[in-house]
Structure formats: structure tokens, C-alpha cells
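Chemist: Next up is a structure, given as C-alpha cells.
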Amino acid sequence: MTKIQSAVSVMLVLLLSVSCSSVPGGEGPSDAEINAQAAKAYAEVKAKSKISTNREYNEMVQRVAKRIAAASGEHFQWEYVVIESPEVNAWCMPGGKIAVYTGIMPVLKTEGALAAVLGHEVAHATRRHGRQQYARAMRENMLGLVVGAGVAIGGQLLCETQTCKLLAAAGGAAAGFAITFFDRKFSRADETEADKFGQVYMAKAGYDPTESVRLWERMGAAMKGKAPPEFLSTHPADETRRANLTAWLPQAERFYEQAPQKYGTGEAIR
Ligand SMILES: [Zn+2]
């Protein structure tokens with residue numbers, strides 16, 4: 001079979017399992033179950049990736065991620081990693097597993113912009129976005145199917161991101177979670193909520209929230225014609241997003257005023 005044929009058969013199996021599974025509603029997986037899958041997938045990503053030794057990047061990601069985590073008020077088992085890769089990307093898996101790719105750093109230009117991105121990604125995790133997708137995938141035993149023969153090849157083609165492809169090739173339970181995680185598409189409402197909470201988190205963490213508006217402008221211009229990172233996914237439209245972030249500024253600025261320590265836009269990123 002060619003790769004495409006394998007991928008098609010994999011998709012058929014997945015589709016069949018979706019349409020045939022008549023699992024009654026039930027409670028779905030708990031936070032603990034989803035977080036356990038995420039932790040496994042995160043460990044796989046770290047094992048398969050080149051971890052950055054750039055001291056400046058590592059120190060900055062550490063301190064920003066810690067401040068955003070604290071500002072979120074969520075008691076996750078937080079972890080942070082900087083991955084050496086040209087990919088312009090950053091994400092936070094359910095349960096607070098954060099990764100920042102070195103490729104995004106020069107595009108961000110400031111520590112404050114990194115806080116805005118991490119605020120957005122962390123908000124997806126704290127607001128439990130994509131939970132229904134994970135719940136459905138786990139209910140339909142996709143993890144089990146993915147472990148099945150040949151699925152790794154299908155996973156390679158089903159995946160959009162490099163990280164996902166890497167994990168799918170590795171196979172195992174982590175791959176099933178990774179496919180759901182990296183290829184999930186959040187709803188417009190989820191994206192808007194992540195923008196809103198993200199802006200509050202960065203302000204509470206002591207970063208000037210106006211940097212969130214400047215970030216989207218900067219990233220939008222820099223990413224023209226390239227594969228956009230998660231937080232620049234097509235919805236909401238750029239103008240809507242900018243208008244929203246600007247409208248929410250007064251609220252975020254109140255949190256910024258109350259922040260025990262203020263860093264402004266933080267250090268510049270070279
Ligand atoms: Zn997002």
C-alpha cells in the first residue's frame with residue numbers, strides 16, 4: 001500500500017469507529033485522565049525533540065511561564081521546555097505542560113509579547129478548551145486504534161505540525177493524544193476567551209497588557225505566507241481580535257495596576 005492508501009484506510013477506520021460507537025453520554029474522562037495522557041505525550045515530545053541550550057531563552061521562558069502560571073491561579077503540575085526548532089510555535093497541553101520553540105523568540109521581540117502568547121496558550125488549558133475533543137477521542141478508543149498496525153504512517157499524514165508527525169511516527173498511546181492535541185481546532189468562542197483570559201493573566205503577571213495588541217500586529221505581519229502558529233489560526237479575524245483586545249484593555253490595565261511587580265514589556269529578544 002502507498003502512504004496515501006494507508007492514510008485513507010486509517011481514516012476510514014477512524015470514521016467507522018466514530019459512526020459505530022454508540023457510547024452513551026456518560027461523564028467522559030476526568031481532568032486527571034486527560035492530564036495523564038497529556039503528560040505522556042509531553043514526555044514523548046521532549047524525548048524526541050532537541051532541547052534548547054540557549055541560556056537567555058531558557059531563563060526568559062522559565063520566568064515568564066512561572067509568572068503566567070501563578071497569575072492563572074491554577075494548581076497544575078506545571079512544566080516548561082524550550083525546543084530548538086525553526087518552527088514559530090508555542091503551546092500548553094492540558095494540565096500545564098508548556099513548550100516554546102526557539103523559532104518564535106525573535107519574532108516576538110519582547111518578553112511582554114512572550115507573556116501574551118503564553119497567557120493565550122495557558123488560557124486554553126485553564127479554560128479546558130478542546131476537552132470535548134479529547135473526551136470523544138478517548139471514548140472512541142482512538143488511542144487504542146492509533147497504537148494499531150500502520151496507524152503511525154496514517155498519523156504522519158493526518159498531522160499538520162512537525163511535532164505531531166514526530167510523535168505519530170513514534171507510535172504508542174502518546175501519539176493518539178498528540179494527534180488530537182496538535183490537530184485540534186478551537187472554536188471562535190474558545191479563541192476569543194483565550195485572548196481575553198490571556199490578556200488578564202499577562203497583566204496580573206506584571207506585563208503591560210497593551211503589548212498584547214502590538215504582538216498580534218507584529219506576528220500578523222511577520223507570518224504572512226507562512227504556516228501560522230495556533231494562536232494565529234484563522235479565527236477570529238485579525239481586526240476582530242485587535243478590536244477585542246483594545247476594548248478589554250481598561251479591564252486588563254486594572255489588573256496590571258494591582259500587580260505587585262511590574263515589568264512593562266520586559267527585556268528585548270534578539
Ligand atoms: Zn488559541
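The values are calculated or read from the model by the stated rules, or taken from the named source; none is laboratory data. Everything quoted here is computed from the prediction, not taken from an experiment. Here the Cβ positions follow ideal geometry from the backbone for every residue, glycine too, while neighbour counts run over all protein chains shown. Heavy atoms of the whole protein, side chains included, go into the accessibility calculation; ligands, DNA and RNA do not. Shrake-Rupley method; radii C 1.70, N 1.55, O 1.52, S 1.80 Å.
Chemist: Being within 16 Å of the ligand (Cβ to nearest atom) and of a type in the set (S, T, N, Q) is the requirement here; does Thr161 meet it? First the steps, then the outcome.
Modeler: On the way: within 16 Å of the ligand (Cβ to nearest atom): yes; of a type in the set (S, T, N, Q): yes.
It is true that Thr161 is within 16 Å of the ligand (Cβ to nearest atom) and of a type in the set (S, T, N, Q).
Chemist: Among the residues of segment 148-155, is there at least one that is modelled with pLDDT of 80 or more and touching a Lys or Arg at 6+ places or on another chain (Cβ under 7 Å)?
Modeler: No, every residue in segment 148-155 fails to be modelled with pLDDT of 80 or more and touching a Lys or Arg at 6+ places or on another chain (Cβ under 7 Å).
Chemist: Among (1) open to solvent by less than 10 Å² (accessible area, probe 1.4 Å); (2) closer than 11 Å to Val117 by Cβ; (3) more than 11 Å from the ligand (Cβ to nearest atom), which single condition is Trp216 missing?
Modeler: Single failed check for Trp216: (1).
Chemist: Which residues, taken from segment 115-139, are within 11 Å of the ligand (Cβ to nearest atom) and part of a helix (DSSP H, G or I)? Quick ask: steps written out before the conclusion?
Modeler: Going through segment 115-139, the residues within 11 Å of the ligand (Cβ to nearest atom) turn out to be 117, 119-125, 127, 129-130.
Once the filter is applied, which keeps residues that are within 11 Å of the ligand (Cβ to nearest atom) and part of a helix (DSSP H, G or I), segment 115-139 yields Val117, Gly119, His120, Glu121, Val122, Ala123, His124, Ala125.
Chemist: Another one. (1) over 20 Å from Lys40 (Cα atoms); (2) open to solvent by 10 Å² or more (accessible area, probe 1.4 Å): which one isn't true of Ala116, the others all being true?
Modeler: Condition (2) is where Ala116 drops out.
Chemist: What number goes with the only condition from (1) closer than 21 Å to Ile104 by Cα; (2) within 16 Å of the ligand (Cβ to nearest atom) that Thr265 does not pass?
Modeler: Single failed check for Thr265: (2).
Chemist: Name the residue that is surrounded by the fewest Cβ atoms within 10 Å (Cβ to Cβ), counting only residues in segment 180-192 that are more than 9 Å from the ligand (Cβ to nearest atom) and in a helix (DSSP H, G or I). Step through it out loud before you land on a result.
Modeler: Here is the first cut: in segment 180-192, the residues more than 9 Å from the ligand (Cβ to nearest atom) are 180-185, 187-189, 192.
Filter once more, so that each one left must be in a helix (DSSP H, G or I): 180-182, 188-189, 192.
Working: Thr180: 23, Phe181: 27, Phe182: 24, Arg188: 14, Ala189: 11, Thr192: 17.
Among those that are more than 9 Å from the ligand (Cβ to nearest atom) and in a helix (DSSP H, G or I), it is Ala189.
Chemist: Separate question: Has segment 230-252 got at least one residue that is open to solvent by 70 Å² or more (accessible area, probe 1.4 Å) and part of a loop (DSSP other than H, G, I, E, B)?
Modeler: Within segment 230-252 (the criterion being open to solvent by 70 Å² or more (accessible area, probe 1.4 Å) and part of a loop (DSSP other than H, G, I, E, B)), the answer is yes, since at least one residue qualifies.
Chemist: Okay, next question. Determine which member of the set Ala168, Ala203 is under 28 Å from Lys48 (Cβ atoms) and assigned to a helix (DSSP H, G or I). I'd like the intermediate steps shown before the answer.
Modeler: On the way: Ala203 fails: under 28 Å from Lys48 (Cβ atoms).
Ala168 is the lone residue from the list that is under 28 Å from Lys48 (Cβ atoms) and assigned to a helix (DSSP H, G or I).
Chemist: Let me ask something additional. Quick one: Gly206 ticks every box in (1) more than 19 Å from Val107 (Cβ to Cβ); (2) open to solvent by 60 Å² or more (accessible area, probe 1.4 Å) bar one, so which box is it?
Modeler: Failing condition for Gly206: (2).
Quick grid of which residues meet (1) of a type in the set (Gly, Ala, Ser); (2) buried (at least 21 other Cβ atoms within 10 Å of the Cβ); (3) more than 27 Å from Ala203 (Cα to Cα):
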site: Lys46; (1), (2), (3): no, no, yes
site: Asn54; (1), (2), (3): no, no, no
site: Glu79; (1), (2), (3): no, no, no
site: Pro94; (1), (2), (3): no, yes, no
site: Val100; (1), (2), (3): no, yes, no
site: Gly103; (1), (2), (3): yes, no, no
